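Trainee: Structure incoming, see below.
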Amino acid sequence: MVALALTRQILAIQPPSVLASRFQGDLPHMELNCADQALAALGRALRERGYRFTTITPVSHSRVNARAMRGSPSLEDVFGWSRPFQEHQLPDEIMHLLRTADALEVTETGIRSRVRFSSLGDQIFVHSAFPTNEDDAVFFGPDTYRFARAIRQLLTTMRALQPLQIVDIGAGSGAGGLCAARLVPNLSPAILLTDINHRALRFSRINAMLNDVPNVQVVQSNLFAEVEGKFDLIISNPPYLVDPLTRLYRHGGGEFGSALSLEIIEQGIEHLAPGGRLLLYTGAAIIECEDVFHAVLRERLSKQSVRWTYEEIDPDVFGEELEHPPYDRVDRIAVVAVTIELA
């Protein structure tokens, strides 16, 4: 697990104690600075121009970008594939918003956007440009789409009274919580997005505004450290790999990257409201046909008064990791969905 000493800093208007006391009612609007508002406006401008982009794995992304670009770069080239461009190749409005957002960088081959925009249903999300090498990069990709699908499936089985209290732990771009809010508008959802990463909190704030999702609070928290109260729905798509660079969005800690996931489950059970559910989307190392994460989870949950399900969503992800320790003794890395409710 990533262990960092945190200073208490809230990126919404209210401190955590006020947040907890007000979470049952209307939540105050979040304040965005000029650069943040420009990024939100940029996302709207792209959407109005028909922009759509599905973000793929970094390995596939690199392969596509290795191809020669045909003609002038499109909006998808610039804001999806993170390809270089020249100033005159973009509309004036787009260039103005990029400058205002301080989202441009100069390279040897041209200008690049420092952010990407990805589509998820009818929503659009800003996140870090490719490649995501920085320690505080905010990742959006195939896991995000699978996570959203798991959220959708879970919400169809839940019976909840309004307002629905939702917390997304390690929210990253905020896609999980904001997608959940869009799926159940009739339940007047109140959304709490948490992360340890300052840049993730910024993008979560912007994405809430960009997608017109009301009743959203964003708070910096190491897992549940700054979270109080009980929730009807706890969701999380945490880092689940062992990353040699220990990047926040990628490093899950422990022998095979599952330490953070186990911690979220153990702490999350304490924050479940009666009838509430916890959904964890994470990775699992399979060694000689044994699911290591499932084995540890089964042992730990045997001591808890909960009902739970475990589903393998994709049997083989991040296959390139099998070439390097510690995964060079692993058969495969699967992604799984764990759902938990109080017994």
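The values are calculated or read from the model by the stated rules, or taken from the named source; none is laboratory data. Predicted, not measured: the structure shown is a model, and the values here were computed from it. Because the Cβ atoms are built from the backbone with ideal geometry, glycine has one as well, and the counts that use them run over all protein chains shown.
Trainee: Here is a list: GLY268, GLY257, GLY275. Which entry is without any contact (Cβ under 8 Å) to a residue 40 or more places away in the chain, in contact with a strand residue (DSSP E or B) (Cβ under 8 Å, 6 or more places away or on another chain) and of a type outside the set (A, V, I, L, M, F, W, C)?
Mentor: On the way: GLY268 fails: without any contact (Cβ under 8 Å) to a residue 40 or more places away in the chain; GLY275 fails: without any contact (Cβ under 8 Å) to a residue 40 or more places away in the chain.
One residue alone meets the criteria, GLY257.
Trainee: Being in contact with an Asp or Glu (Cβ under 6 Å, 6 or more places away or on another chain), surrounded by 21 or more Cβ atoms within 10 Å (Cβ to Cβ) and assigned by TED's automatic domain parsing to the domain that holds SER221 is true for just one of ALA273, ALA284. Which residue is that?
Mentor: Values: ALA273 fails: surrounded by 21 or more Cβ atoms within 10 Å (Cβ to Cβ).
None of the other options fit; the residue is ALA284.
Trainee: Now for a separate question. Tell me the residue from ILE234, ILE169 that is in contact (Cβ under 8 Å) with a residue 60 or more places away in the chain, of a type outside the set (D, E, K, R), touching a His at 6+ places or on another chain (Cβ under 7 Å) and assigned by TED's automatic domain parsing to the domain that holds VAL317, please. Give the steps one after another, and end with the answer.
Mentor: On the way: ILE169 fails: touching a His at 6+ places or on another chain (Cβ under 7 Å).
Among ILE234, ILE169, only ILE234 is in contact (Cβ under 8 Å) with a residue 60 or more places away in the chain, of a type outside the set (D, E, K, R), touching a His at 6+ places or on another chain (Cβ under 7 Å) and assigned by TED's automatic domain parsing to the domain that holds VAL317.
Trainee: Looking for whichever is without any contact (Cβ under 8 Å) to a residue 60 or more places away in the chain and buried (at least 19 other Cβ atoms within 10 Å of the Cβ) here; the options are LEU183, LEU104, LEU90. Which one fits? Reasoning before the result, please.
Mentor: Details: LEU183 fails: buried (at least 19 other Cβ atoms within 10 Å of the Cβ); LEU104 fails: buried (at least 19 other Cβ atoms within 10 Å of the Cβ).
The unique qualifying residue is LEU90.
Trainee: Right, another one. Is it the case, given these coordinates, that LEU120 is without any contact (Cβ under 8 Å) to a residue 60 or more places away in the chain, under 15 Å from LEU42 (Cβ atoms) and aliphatic (A, V, I, L, M)?
Mentor: On the way: without any contact (Cβ under 8 Å) to a residue 60 or more places away in the chain: yes; under 15 Å from LEU42 (Cβ atoms): no; aliphatic (A, V, I, L, M): yes.
For LEU120, the condition - without any contact (Cβ under 8 Å) to a residue 60 or more places away in the chain, under 15 Å from LEU42 (Cβ atoms) and aliphatic (A, V, I, L, M) - is not met.
Trainee: Output the residues belonging to the range 224-238 that are part of a loop (DSSP other than H, G, I, E, B) and crowded, with 24+ Cβ neighbours inside 10 Å. Break it down stepwise before answering.
Mentor: Restricting attention to the range 224-238, the residues satisfying the condition of being part of a loop (DSSP other than H, G, I, E, B) are 224-230, 237-238.
Correct list: ASN237, PRO238.
Trainee: Kindly establish whether VAL213 is farther than 25 Å from VAL306 by Cα, in a loop (DSSP other than H, G, I, E, B) and either touching a residue at least 12 places away in the same chain (Cβ under 8 Å) or basic (Lys, Arg) (or both).
Mentor: Details: farther than 25 Å from VAL306 by Cα: yes; in a loop (DSSP other than H, G, I, E, B): yes; either touching a residue at least 12 places away in the same chain (Cβ under 8 Å) or basic (Lys, Arg) (or both): yes.
Spelling it out, VAL213 is indeed farther than 25 Å from VAL306 by Cα, in a loop (DSSP other than H, G, I, E, B) and either touching a residue at least 12 places away in the same chain (Cβ under 8 Å) or basic (Lys, Arg) (or both).
Trainee: Identify, please: which residue in the range 68-87 is surrounded by 11 or more Cβ atoms within 10 Å (Cβ to Cβ) and small (Gly, Ala, Ser) and is, among those, farthest from PRO131 (Cα to Cα)? Reasoning before the result, please.
Mentor: Let us first name the residues in the range 68-87 that are surrounded by 11 or more Cβ atoms within 10 Å (Cβ to Cβ), namely 69, 72-87.
When the remaining residues are screened for being small (Gly, Ala, Ser), the result is 72, 74, 80, 82.
Numbers: SER72: 21, SER74: 19, GLY80: 11, SER82: 8 Å.
My answer is SER72.
Trainee: What number of residues within the range 300-343 are touching a strand residue (DSSP E or B) at 6+ places or on another chain (Cβ under 8 Å) and either without any contact (Cβ under 8 Å) to a residue 40 or more places away in the chain or not in a loop (DSSP other than H, G, I, E, B) (or both)?
Mentor: Selection size over the range 300-343: 30.
Trainee: Within the range 120-168, take every residue that is crowded, with 20+ Cβ neighbours inside 10 Å and polar (S, T, N, Q) and give me the one that is farthest from LYS230 (Cα to Cα).
Mentor: THR132
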